[in-house]
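Please read the structure below before turning to the comments.
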Amino acid sequence: MTARRGAAGRDEPTPAALRAATARGLQEQFPGVRVWYGESTGSWWAMVPLREGLRLLEAPTPQQLREEIMSARTRG
């Protein structure tokens, strides 16, 4: 299910749908980077291709993951 009925009677996206949309948005912003939310860890993850190879990043929020991706790409 991708929507649920909210308090105002409107359909609202489920948390899983919101996380999927957030991951897609980050992947669109950073082509070649794979982003996902770890259900078991509760963390956001990204596999970032760099010149020296792939780098796995973890962050507690999508915003912090975005910063980590930008930082890794600047350094590597």
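What follows draws every value from the coordinates through simple rules; no lab data is involved. Just so it is clear, the model here is predicted, and its values are computed rather than measured. Cβ placement follows ideal geometry from the backbone for every residue including glycine, while neighbour counts extend to all protein chains displayed.
For this structure, a couple of remarks:
- Length released on extending from ARG34 to ALA17, taking residue separation times 0.36 nm less the Cα-Cα span: 4.4 nm
- Linear extension gain, SER43 paired with THR74, 0.36 nm per residue minus alpha-carbon span: 8.9 nm
- Degrees between helix 15-29 axis and first principal axis of the chain (Cα, 0 to 90, nearest 10): 40
- Using only side-chain charges placed at the Cβ, +1 for Lys and Arg and -1 for Asp and Glu, the dipole size of the chain relative to its Cα centre rounds to 120 debye.
- For the chain, the longest principal axis of the C-alpha atoms and the axis of helix 62-75 are separated by about 10°.
- (i) 23, 17, 9; (ii) 33, 17, 8; (iii) 29, 11, 10, with the label sought being that of the calculated semi-axes √(5λ) of the Cα gyration tensor in Å: (iii)
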